[in-house]
Amino acid sequence: MPHYFKAKYTSPYYDTRQYFYMKKMQILLILVIVTSIGVLIYASKDLSTYGNFAVAQSTGAKTKVVGVLAKEKEMVYNPSNDPNYFSFFIKDNEGIEKKVVLRAAKPQDFELSEQIVVTGTFKEGVFEASDLLMKCPSKYKNEEIYIKSKEI
């Protein structure tokens, strides 16, 4: 064994506890870094952009479309036949009206929503929504109108 190697381990200043403490800290630091990278990769999967039906159809990418429910058009939801199929029509902010298919149950009070945000892609001319967010009317809206009319 070379003399410099032997001197290092026989030195009274070398503490094995400190060595293992440093090893544990290095392992912990590596785990934190790997976990952080994993979280960032997972979070980046939901980076879809806002747009309208024209943008969603031309790009083919996952897009969030904001619009209103076309109440005069047909809504199809038959839970006894297929509880995970709900189709309806949305008119986006540009006035384009398209059929949207949501592969989930129909949300409660869907018809009362003021605005709808659907996230998805186009498949065969139909917007396949993977996610749906509704903006429902405020229950305080009538009270607010009444109070403002009293002030005038």
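Each value in this text was obtained by applying a stated rule to the coordinates, not by laboratory testing. The structure displayed is predicted, hence computed values, not measured ones.
Values for this structure:
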quantity: Volume per residue of the C-alpha convex hull in the stretch 50-135, rounded to whole Å³; calculated: 86 Å³
quantity: Centroid-to-centroid separation of the stretch 87-105 and the stretch 21-38 [C-alpha atoms, Å]; calculated: 46 Å
quantity: Members of Lys45/Lys73; Lys23/Lys45; Lys45/Lys98; Lys24/Lys62 lying beyond 31 Å, as alpha-carbon distances in this model show; calculated: Lys45/Lys73; Lys23/Lys45; Lys24/Lys62
quantity: Added length on full extension, which subtracts the Cα-Cα distance from 0.36 nm per residue, Thr49 to Ser130; calculated: 27.8 nm
